[in-house]
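Read through the structure below, which is laid out as structure tokens, and then see the notes.
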Amino acid sequence: MTNTEKQDTPAIELDNVSIRFISPDGRATVALRDFSMQVRHGEFIAVVGPTGCGKSTTLGLITGLIRPTLGTVKVMGKVVQDTDPRIGFVFQTDAVFPWRRVIDNVAAGPLFRGMERREALELAQSWLARVGLDKFGQHYPHQLSGGMRKRVALAQTFINKPEILLMDEPFSALDVQTRALMQGELLNLWSEPSGSVVFVTHDLEEAIALADRVLVLTARPATLKRVYDVDLPRPRVMEEVRYQPQFIELSRQIWSDLREEVHIG
């Protein structure tokens, strides 16, 4: 595939996907129905919707951990068959090895991919410096604050240079001030390699402040209700963007859509 063809092909494509889960007692639950979405190369997408509507399920489909009952899921133009090393994932909870030092946690990905240990540790130290933790490499995760552990998670992910980054409410457990700092940190890191991001959140302000487009899902069984383009210039300063008139109006419009689905749910 040429570079032009690659850019013309969506990084992620879900086409008329439906998901049905069967419970142990034999009852069927439909999580997604006729759901379609596309994510372009280098695009930051935020996904919002009522609790339990299937937002996290969309991430599972992209990773290949969940298979669609109907429809197709493609990554880089190919149908998803298995997990893809080009995809990075940041979870809501800390995905660190508690018995390993911070620097060893960050170096784990490159080591798993076959990098020589000395080189992997040097690369990990450089990434710790980029997220402001260069003096904490010898600490263990339990010795860090929640915000610091989330910085470790970002370093863990970005060190592997993912072409696609999936994030499932990664900052929801943080206090307001730390959350704003981490949102800014994410934008700074994302702007360098410019991979594609799918960011699941319940926070409308977070979705608008971070994303190029916001996808609003309906109540379960979820489908795509509406897509909003976020016409706010980049780079964005998280402490300032929320006060712009365009931001406030967009927040009002999206909440109006989302409120209907919350009441249905």
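The values are calculated or read from the model by the stated rules, or taken from the named source; none is laboratory data. Worth saying up front: this structure is predicted, and the values here are computed from it rather than measured. Cβ sites come from the backbone with ideal geometry, for glycine too, and all protein chains shown count toward neighbours. The protein model used for the area step is the full one, side chains on, heavy atoms only, and it has no ligands, DNA or RNA in it. Shrake-Rupley method; radii C 1.70, N 1.55, O 1.52, S 1.80 Å.
Tally up the carbon and sulfur contribution to the accessible surface of region 1-157 as a whole percent, 1.4 Å probe, everything protein left in place. Solvent-exposed carbon and sulfur of region 1-157 make up 52 percent of the total.
Taking Gln92, Gln138, Gln156 as the candidate residues, the one with maximal mean-square fluctuation in a Gaussian network model of the chain, Cα springs under 10 Å, is Gln138. Among the protein heavy atoms, those of Trp190 account for about 20 Å² of accessible surface (1.4 Å probe, every chain in place). Applying 1/(1 + (r/R0)^6) with R0 = 22 Å to the Cβ-Cβ distance of Tyr140 and Glu119 gives a FRET efficiency near 0.45. Only Cα pairs under 8 Å and 6+ residues apart enter the sum, and on that basis the relative contact order of the chain stands at 25 percent. Modelled spin-label separation between Phe112 and Gln246, with each label point placed 7 Å from Cα along the Cα-to-Cβ direction: 3.8 nm.
Here the chain is assigned +1 on the Cβ of each Lys and Arg and -1 on the Cβ of each Asp and Glu. Its dipole about the Cα centre then comes out at about 540 debye.
The calculated P(r) of region 1-148, using every Cα pair and 5 Å bins from 0, goes 2, 8, 13, 15, 14, 13, 14, 11, 7, 2, 0 in percent. Proximity of backbone amide H atoms, modeled 1.01 Å from N, is registered between Val230 and Arg213, Val214 at under 5 Å, excluding neighbours fewer than 5 places apart on the same chain. The packing ranking, built from the mean of other Cβ atoms within 10 Å per residue, places the peptides 124-134, 171-181 in the order 124-134, 171-181, highest first.
Taking R0 as 25 Å, what FRET efficiency do you get between Ser126 and Phe91 from their Cβ-Cβ distance, rounded to the nearest 0.05? According to the calculation, E is roughly 0.60. Candidate cross-link partners of Lys161 among the lysines, defined by an alpha-carbon separation under 30 Å and a same-chain spacing of 8 or more, comprise Lys6, Lys55, Lys74, Lys78, Lys135, Lys150. Note on Arg27 and Asp15: the extension gain reaches 1.8 nm, defined as 0.36 nm multiplied by sequence separation minus the Cα-Cα distance. Each label was represented as a point 7 Å from its Cα along the Cα-to-Cβ direction; for Glu239 and Gln177 these points are 1.1 nm apart. I'd like the distance separating the alpha-carbon centroids of region 123-149 and region 173-209, in whole Å. About 19 Å separates the Cα centre of region 123-149 from the one of region 173-209. To the nearest 10, the accessible area of Arg118 is 140 Å² with a 1.4 Å probe. In region 53-121, which chymotrypsin sites (Phe, Trp or Tyr not before Pro) fall in coil by DSSP and have 12 or fewer other Cβ atoms within 10 Å? Those satisfying the criteria are Trp99. Just to be sure I understand: of the beta bridges DSSP finds with both ends in the chain, what percent are antiparallel, rounded to 5? Within the chain, antiparallel bridges account for around 55 percent of the total.
Model label points for Asp34 and Asp84, set 7 angstrom from Cα along the Cα-to-Cβ axis, are 2.6 nm apart.
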